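This structure is in structure tokens; I'll ask about it shortly.
The values are calculated or read from the model by the stated rules, or taken from the named source; none is laboratory data. Every value quoted in this text rests on a predicted model; they were computed, and no experiment measured them. Reconstructed Cβ throughout: ideal geometry from the backbone, glycine too, with neighbour counts over all protein chains shown.
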Amino acid sequence: MILTPNILARLVAIVVGGVILQLTFFSQVSIFHVSPDLLPALIVVLGLLGGSLTGAVCGFSAGFLLDCLLIVPLGGGSLVLLATGYLAGLFRERFEIHSVLVPPLLCMGLTLFAELGFGAVELMLGIDAPVSTLVIRDMLVKSVFAFFAGWAIYIGVRRALRPALVEEPALRRNRRPTVLGT
């Protein structure tokens, strides 16, 4: 990703808008008695489009802003979303995205990773919360929500960051190598 002041402003707007939408709208919506957590999916998409550094910085920023607005111990959400964005960016740097199912599947898997991370951080910080099988069901349902929202988030963020994306040209598979001297 080519970072210019305009693209940096777009990234800040996407992260701040995502955190505000999560806190004001998605936390109030209840589907199957679970409110969707789409912030990890947004961070995964930013990592997929920008790489590991962009994913990690956006994840840390979103987590820090989320921790500040929720008035919880600072650092827990930052750490989890930083790792989520870094892993998504690392996937982009190591593998090519050949299928349209890759972004939503990564959103689903890394959202489940993030939800498990949020739970682990809360347990380490000593926050008392009842643990039951409903917590596991909620984590799985949130990851399914992230799968279905992953397509829309990927398309929207890709369109917003299109001028900054560095895309490799598609390779032609049917092309024969040229032989010199024949």
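For residues that are of a type outside the set (V, I, T) and under 13 Å from the mean Cα position of the chain (by Cα), tally how many sit in segment 54-76.
Qualifying residue count, segment 54-76: 8.
Of all the residues that make up segment 137-165, how many are of a type in the set (A, V, I, L, M, F, W, C) and either without any contact (Cβ under 8 Å) to a residue 40 or more places away in the chain or touching a strand residue (DSSP E or B) at 6+ places or on another chain (Cβ under 8 Å) (or both)?
Here the count works out to 7.
Here is a follow-up. In this structure, does L48 turn out to be crowded, with 20+ Cβ neighbours inside 10 Å and either in contact with a Lys or Arg (Cβ under 6 Å, 6 or more places away or on another chain) or assigned to a loop (DSSP other than H, G, I, E, B) (or both)?
For L48, the condition - crowded, with 20+ Cβ neighbours inside 10 Å and either in contact with a Lys or Arg (Cβ under 6 Å, 6 or more places away or on another chain) or assigned to a loop (DSSP other than H, G, I, E, B) (or both) - is met.
When the residues of segment 108-134 are narrowed to those that are β-branched (V, I, T) and either touching a Cys at 6+ places or on another chain (Cβ under 8 Å) or at pLDDT below 85 (or both), which ends up surrounded by the most Cβ atoms within 10 Å (Cβ to Cβ)?
Restricting to residues being β-branched (V, I, T) and either touching a Cys at 6+ places or on another chain (Cβ under 8 Å) or at pLDDT below 85 (or both), the top hit is I127.
For L90, which of the numbered conditions (1) over 17 Å from V19 (Cβ atoms); (2) surrounded by fewer than 15 Cβ atoms within 10 Å (Cβ to Cβ); (3) at pLDDT 90 or above fails to hold?
Checking L90 against (1) over 17 Å from V19 (Cβ atoms); (2) surrounded by fewer than 15 Cβ atoms within 10 Å (Cβ to Cβ); (3) at pLDDT 90 or above, the one that fails is (2).
Results for (1) within 21 Å of L123 (Cα to Cα); (2) in contact (Cβ under 8 Å) with a residue 24 or more places away in the chain, shown as yes or no for each residue.
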| residue | (1), (2) |
| --- | --- |
| Q22 | no, yes |
| G51 | no, yes |
| G63 | yes, no |
| G77 | yes, yes |
| G89 | no, yes |
| R94 | no, no |
| L105 | no, yes |
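Hey, does segment 31-42 have a residue that's over 18 Å from V144 (Cα atoms) and either modelled with pLDDT of 90 or more or within 13 Å of the chain's Cα centre (by Cα) (or both)?
No: segment 31-42 contains no residue that is over 18 Å from V144 (Cα atoms) and either modelled with pLDDT of 90 or more or within 13 Å of the chain's Cα centre (by Cα) (or both).
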